[in-house]
Structure formats: C-alpha cells, structure tokens
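Chemist: This is the structure, below, for whatever I ask next.
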Amino acid sequence: MSIDAFERGALIRPKGGGKFLAIPTGFNRQGGRRGAKAQVSPAQMVASRQGFLRPFTSGRGFVWCLPVRQGERSGRGRAPLIAGGLVPVATSRRKGAAAWQQALHAQGFVPMFLLLPQVRLARRLNVQGAAERALRRLPGRFVAAWARESGRIAA
C-alpha cells in the first residue's frame, strides 16, 4: 500500500475476482493487537464447516462467525472460550473479563471476520499541502541561515 492511497482515499477491492474482503476482528488476532496475524484463516473457517454468516443491518456485508463453547479449565485460571474448536478467545485478564466471557458464551457465537465487498481508505495524509508549506518556509530559512553564517545575527 502506498502513501498515495492514504492521500487520495483509495478504494480497496478483493483480488482475483473474489466477492468479499475478509477483515479479521479483534477476536481473531493474536493478543488482539493491530497488525498481528489472524489466528484463524478464511481457509480454516471453510474447512471447519462451522462458520456461519450474519448479515449487517445495513445489508452491505456480513459477519463471519464461529460457534463458541466453554473450554477445559487448566490450572487456577478461568476456563477459556473455544471458538469452533479452533482457537481460544476472550482470554484477557482485565477487570470485567469474566462478565465479558459470560456474555459471549450466552450469545453463542464469536465474530471472526467482517466480509465487505469493498473498503474506502480514509484520507489521512496531505502530502501536497505539506510540500507547499515547506516550500513557502524555505526562502526564510535560507535568509536566516545566511545571516547566522555571516555573523549579522547572533544565534
């Protein structure tokens, strides 16, 4: 992905004639961090035959989910939730984690991927504007540097 894509707000579509982009949710990331690899791939979701789709209320895409069950307790900690028999989820040790885990278990599923036909990047950069501002300041900086070098102004 180039800087230009963030400057102009590019439209991202699936490769190879696919219908949807599969965007991993926080439940499907190692430790829930941005940039981490997905724990479960779309191929594993298909192979498990347990994944199911829930449509967005807007009708623009789907949430690809796995059923969740209570796992075996090991040691002194809480028993983790297991999504589709593939991966433990909701394993945090923060305040309120037990209630969060119970709510997920009662819901019966965990969202693993968002399936969207396309995504538009938000315009986050203005490279042209930054270059123009730098060019406007450049002559003043040359004059100031020349004045310092020639000893006219004490730095």
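The values are calculated or read from the model by the stated rules, or taken from the named source; none is laboratory data. Bear in mind that the values here come from a model prediction, so they are computed numbers and not experimental data. All Cβ positions, glycine included, derive from the backbone under ideal geometry; neighbour counts span all protein chains shown.
Chemist: Give the number of residues within the range 18-42 that are surrounded by fewer than 15 Cβ atoms within 10 Å (Cβ to Cβ), part of a loop (DSSP other than H, G, I, E, B) and modelled with pLDDT under 80.
Modeler: Selection size over the range 18-42: 5.
Chemist: With respect to L115, determine if the residue is modelled with pLDDT under 85, within 27 Å of the chain's Cα centre (by Cα) and aliphatic (A, V, I, L, M).
Modeler: no
Chemist: Something else: Taking the criterion of being touching a residue at least 12 places away in the same chain (Cβ under 8 Å), assigned to a helix (DSSP H, G or I), touching a strand residue (DSSP E or B) at 6+ places or on another chain (Cβ under 8 Å) and surrounded by 10 or more Cβ atoms within 10 Å (Cβ to Cβ), would at least one residue in the range 107-123 satisfy it?
Modeler: Yes, the conditions are met somewhere in the range 107-123.
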